[in-house]
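First comes the structure, then the notes that go with it.
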Amino acid sequence: MPVVASAMKLVSEPIIYTRDQHPISRRNISKNALTVLYGLHKAGYRALLVGGCLRDLLSGETPKDFDVATDATPEQVKSVFRNCRLIGRRFRLAHIHFGRDIIEVATFRADEKGETDDDGLVVNHNTFGTIASDVQRRDFTLNALYYDIADFSIIDYVGAMEDIEEGIIRMIGDPAERYEEDPVRMLRAVRFAAKLGMRIEPETERAITHKKHLLENIPSARLFDETTKLFLSGYALAAYEELRIHDLFGELFPATSQLLKQFEHPQCPQYKNLIKRALKNTDYRLAHNEPVAIGFLYAVILWPLYHEELQQKIDDGVHWHQAIHDTIDDVFREASQRVGIPMRHKSMVRDIWVMQSRLTADKLNKKRMRSVMMHKRFRAGFDFLELRLQTGESHLQKFYDLWVQAQIDMPEAVYVSDERRSSYKKKRRRRR
Ligand code: ATP
Ligand code: MG
């Protein structure tokens, strides 16, 4: 059976921005990325920065990482660098290690669909291509620029420079098809809109409405990773607003979303404020280099479900201890249908919720309070209580005051992690 290359989309000639026509200087590029680019270039290969790092630099953000694209095969890349490891099965990538920093090098890919036979079936995914074909597999125009170390020019096949300038997120190719190929691109569109304050181009946006249900087929671990990027990158509140605008929040957290839509529900405004305020605090903490935990945010986002069901069970006469644990199991089971919470984060969510009952218990004596404060999640639980109070649960004021006083009266009882304890010691030692 003859094998033919799939019909590649017609690519017009790229626009080349020479060094004097764009603002990216080698000073903006990490030393390790430059080492990799020059290493490949000297060995006679093409070497270009690609993707997110250029988008970020051109929109005034600091790139998280620098990705390199080349025409060298992974094996050839390995022969250039001693500190190189090849990873991935379906598509091999080269990782160049510099201590903890890793520069990822990818060989130009053939058209996403690979080679096809007469019936259009894909027969080979792992073929290497050219820059022109590599462009086609990228998601948005703003993620598809190349910076060539050979002459410091920027290569633009898709009008990316203009889109970045105008603040537009535009899908490369047909948006509906590209979402079908990978529905996570819908979440990525929203993430870049929130991060860069850009708007999603109308067709790219419209297709979300028709394809958003496809997110239910994505493995929950991948949704968890993407959700973490949405909420722990310093623009969580904006990301949440964008998710709600595009009706994607309900694809990640269907049950919470449903509850928030019940406007007649007496606690609906409180729940909404609780989520928004927690996300805003998270952004603030990240901006001030304070620690944040994704577990805390899951405790917040799933709280309406937990709170409602727990109330119901207690009203039905279930013993509170039993009610708490059954409700936690139910809510986790419900949530895992979409964004799965990894085990290591579940314990934090559980502890924060259980702590709410301990912090608002009827008979709080000194001995009990001391033991609550010694719990390793006391701080998180107390912060959560404060958030509830700030967002409308005024009946919590008396408990809040009680715990503030307890921390003043028994500061030695408040749990401090070993890590923090030793960093206090170190700081003190340094001062002497
Ligand atoms: P960030 O690093 O902020 O998450 P990024 O755009 O750099 O954003 P990466 O996951 O690091 O995202 O991917 C690097 C590049 O790979 C992107 O810029 C894009 O060109 C391409 N890419 C990543 N994910 C996809 C996807 N799901 N579909 C198509 N192209 C993608
Ligand atoms: Mg990246």
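Odds and ends about this structure:
- Unmet requirement for Ser257, which otherwise passes all of (1) assigned to a helix (DSSP H, G or I); (2) within 16 Å of ligand 1 (Cβ to nearest atom); (3) small (Gly, Ala, Ser): (2)
- Those residues of the stretch 35-71 which are surrounded by fewer than 22 Cβ atoms within 10 Å (Cβ to Cβ), among the hydrophobic types (A, V, I, L, M, F, W, C) and more than 16 Å from ligand 2 (Cβ to nearest atom), in sequence order: Ala43
- Residues (crowded, with 18+ Cβ neighbours inside 10 Å and either over 32 Å from the mean Cα position of the chain (by Cα) or closer than 20 Å to Leu385 by Cβ (or both)) located in the stretch 314-344: Ala323, Ile324, Thr327, Ile328, Val331
- Members of the stretch 355-371 found to be out of contact with any Gly (no Cβ under 8 Å at 6 or more places or on another chain) and either aliphatic (A, V, I, L, M) or not in a helix (DSSP H, G or I) (or both), listed by number: Thr360, Ala361, Asp362, Lys363, Leu364, Asn365, Met369
- The lone exception for Ile155 - which of (1) buried (at least 21 other Cβ atoms within 10 Å of the Cβ); (2) at pLDDT 95 or above it fails: (1)
- Boolean, Glu203 is out of contact with any helix residue (DSSP H, G or I) (no Cβ under 6 Å at 6 or more places or on another chain) and away from ligand 2 (no atom under 16 Å from the Cβ): no
- The residues in the stretch 29-38 that are part of a loop (DSSP other than H, G, I, E, B) and not polar (S, T, N, Q) can be counted, and the count is 1.
- When the stretch 196-225 is filtered for residues that are in a helix (DSSP H, G or I) and in contact with a strand residue (DSSP E or B) (Cβ under 6 Å, 6 or more places away or on another chain), only Thr204 remains.
- Number of positions in the stretch 209-225 that are in contact with an Asp or Glu (Cβ under 9 Å, 6 or more places away or on another chain), more than 14 Å from ligand 1 (Cβ to nearest atom) and not basic (Lys, Arg): 3
- Exactly one residue out of Asp174, Asp148 is within 26 Å of Leu40 (Cα to Cα) and surrounded by fewer than 20 Cβ atoms within 10 Å (Cβ to Cβ): that is Asp148.
- Residue match in the stretch 226-249 (condition: in a loop (DSSP other than H, G, I, E, B) and away from ligand 1 (no atom under 16 Å from the Cβ)): yes
- For the stretch 270-324, the set of residues classified as small (Gly, Ala, Ser) and either farther than 25 Å from Met343 by Cβ or part of a helix (DSSP H, G or I) (or both) consists of Ala278, Ala287, Gly295, Ala299, Gly317, Ala323, listed by residue number.
The values are calculated or read from the model by the stated rules, or taken from the named source; none is laboratory data. Just so it is clear, the model here is predicted, and its values are computed rather than measured. We place every Cβ from the backbone using ideal geometry, glycine too, and count neighbours over all the protein chains shown.
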